[in-house]
Amino acid sequence: MRKQLARTALVLLAVAGLAGCTGGPPPAPSPTAPASTGAPTGATTGPASGTPSPDTETTAPAPSPSAAPLTSGPGQGNAELAIMVKPSETGTPANFTLVCQNGAPAAESQHPNAAAACTALKNNPAILGPAPRATDQACTQQYGGPQQATVTGVVDGSPVEASFSLRDGCEIAAWNAAKDVLGSSGGAG
């Protein structure tokens, strides 16, 4: 019991530390962040947003997907992603495409801050492939907002299907780690 209380206290301190961080590079994801199981299909852009749909063709060839998981630490900085951020359950989603080559944004990227997103992915591609949360993992029960995000595509040759929300402290930490990739519509700060 004492070990479990100590572990819970450490997790709470880590989450509080992550929540208090501002500026600088995004923190590495904790092993408690949730993994996604799917992504919406056929999402399109509303006529007023002017951003392309996730199905927009790019001129950069996509790297071949491999079965290798994303690893922590510096990566190659190659990515082709479709990013959808919804402000609420019924809100109109913002859709971005992000194409990075060696950590630099390609011309076809339609992202509010493609340079920061590509740099974040080159520094730590694992921000989009967090490990599944352990069933006995404690997370603070705080609500960060109704925003939801989905990221699909390929990073450094590995397929990515990640979902983000702000339902509890663990998910807020994962969102904050990926905030540069999620774009300015991300919501969590």
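The values are calculated or read from the model by the stated rules, or taken from the named source; none is laboratory data. Keep in mind that what you see is a predicted model, and the values were worked out from it rather than measured. Reconstructed Cβ throughout: ideal geometry from the backbone, glycine too, with neighbour counts over all protein chains shown. Surface accessibility is based on the protein's heavy atoms, side chains included, excluding ligands, DNA and RNA. Shrake-Rupley method; radii C 1.70, N 1.55, O 1.52, S 1.80 Å.
Before moving on, here are some points about what is shown:
- Counting only strands (runs of 3 or more DSSP E) that sit wholly inside segment 78-165, those with at least 1 residues that are among the polar types (S, T, N, Q) and open to solvent by less than 40 Å² (accessible area, probe 1.4 Å) are 94-101, 148-155, 158-165.
- Summed over segment 172-189, residues that are modelled with pLDDT of 90 or more and closer than 16 Å to Ser88 by Cα total 3.
- Figure legend. Inter-residue proximity from segment 93-119: first residues among the acidic types (Asp, Glu), second residues surrounded by 18 or more Cβ atoms within 10 Å (Cβ to Cβ) and part of a strand (DSSP E or B), beta-carbon distance below 8 Å, spacing 6+ or different chains. Indicated pairs: Glu108/Thr97; Glu108/Val99.
- Residue list for segment 125-184, filter: acidic (Asp, Glu) and within 13 Å of the chain's Cα centre (by Cα): Glu161, Glu171, Asp180
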